[in-house]
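Some notes on the structure that comes next.
The values are calculated or read from the model by the stated rules, or taken from the named source; none is laboratory data. Only a predicted model underlies this, so the values are computations on that prediction, with no experimental measurement involved. As a convention, Cβ positions derive from the backbone with ideal geometry for all residues, glycine included, and neighbour counts pool all protein chains shown.
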Amino acid sequence: MMRRLNYVMAVVAVIGGLYACSNVKSTEEKASPIPTEAEMVKRGEYLVASIGCDDCHSPKKMGPNGPEVIPELRFSGYPADRPVQKEVGTSGKMGWMLFGGDLTSSVGPWGMSFAANISSDETGIGNWTEHNFLTAIRTGKMKGLENGRPMLPPMPWFNFKNMTDEDLKSIFAYLKTSKPVRNIVPGPVPMENLK
């Protein structure tokens, strides 16, 4: 009888051990593998194209099919050498929002704002850390600085803040591989300074 009890206990222990090992293995299989830098850059390229970063951050010229990104200025934001446009009438004061011809500037009740340089140049995000980028997108603070001024419309950071850390890190990795474009974007113009 004792021998049979020992045998049953041994079988139960072996089955329990195998079950425990199989659960550990299945948990490990469910964990996502850490992407390589190349995989992150590729995913970032896809995300940047999907969420439309070029729409506002890349100067455009008129082509046969409408506005086209100027490749050598991609991600450089509002061109510093372009004169700042005057608001048309009182539209911003009346609650309207207008975009400049290539979408790199806008005016509305907040005043006039200009799309930032997000190229890899030091005048863009070249000196940013991944932490700065995540902070900027998650909190809407310029340059990812806790005490920085708020990002202004039309930047939809409040939508992008819900993206996963992996997605935001991938976007940052891709932008850091972009062609650096030296361009110091002008600061915003408050509504009271628009005539």
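Among the residues of region 54-71 satisfying the criterion of being under 21 Å from the mean Cα position of the chain (by Cα) and outside any strand (DSSP E or B), which is farthest from Glu122 (Cα to Cα)? Selected residue: Asp55.
In the list Gly144, Gly148, Gly95, Gly101, which residue meets the criterion of being buried (at least 17 other Cβ atoms within 10 Å of the Cβ) and of a type in the set (Gly, Ala, Ser)? Before the answer, list the steps.
Details: Gly148 fails: buried (at least 17 other Cβ atoms within 10 Å of the Cβ); Gly95 fails: buried (at least 17 other Cβ atoms within 10 Å of the Cβ); Gly101 fails: buried (at least 17 other Cβ atoms within 10 Å of the Cβ).
Of the residues listed, the single one that is buried (at least 17 other Cβ atoms within 10 Å of the Cβ) and of a type in the set (Gly, Ala, Ser) is Gly144.
Beta carbons closer than 6 Å, at least 6 apart along the sequence or on distinct chains, pair a first residue in region 111-123 that is closer than 16 Å to Arg182 by Cα with a second that is of a type in the set (Phe, Trp, Tyr) and assigned to a loop (DSSP other than H, G, I, E, B) for Phe114/Tyr78; Ala115/Tyr78; Ile118/Phe75; Ser119/Phe75.
Scan region 94-141 for residues that are hydrophobic (A, V, I, L, M, F, W, C), outside any strand (DSSP E or B) and either modelled with pLDDT under 95 or farther than 25 Å from Gly44 by Cα (or both) and the total you get is 5.
The set of residues in region 162-179 being polar (S, T, N, Q) and in contact with a Leu (Cβ under 9 Å, 6 or more places away or on another chain) consists of Ser170 alone.
Pairing each residue of region 125-147 that is over 13 Å from Leu168 (Cβ atoms) and without any contact (Cβ under 8 Å) to a residue 60 or more places away in the chain with any residue that is of a type outside the set (D, E, K, R) and assigned to a helix (DSSP H, G or I), provided the two are 6+ apart or on different chains, yields C-beta distances under 6 Å for Gly140/Trp157. In the set (1) closer than 19 Å to Cys56 by Cα; (2) in contact with a helix residue (DSSP H, G or I) (Cβ under 7 Å, 6 or more places away or on another chain), Leu134 fails one condition alone, (1). When Met191 is tested against (1) in contact with a strand residue (DSSP E or B) (Cβ under 8 Å, 6 or more places away or on another chain); (2) among the hydrophobic types (A, V, I, L, M, F, W, C); (3) closer than 20 Å to Ser58 by Cβ; (4) surrounded by fewer than 18 Cβ atoms within 10 Å (Cβ to Cβ), only condition (3) is not met. Of all the numbered requirements in (1) of a type in the set (Phe, Trp, Tyr); (2) farther than 25 Å from Ile34 by Cβ; (3) surrounded by fewer than 20 Cβ atoms within 10 Å (Cβ to Cβ), Phe160 misses one, and that requirement is (2).
Considering only region 158-178, how many residues are outside any helix (DSSP H, G or I) and either polar (S, T, N, Q) or under 11 Å from the mean Cα position of the chain (by Cα) (or both)? Walk me through how you get there before you give the answer.
Start the filter on region 158-178 by keeping residues that are outside any helix (DSSP H, G or I), which leaves 161-164, 176-178.
Then drop every residue that is not either polar (S, T, N, Q) or under 11 Å from the mean Cα position of the chain (by Cα) (or both), which leaves 161-164, 177-178.
Of the residues in that region, 6 qualify.
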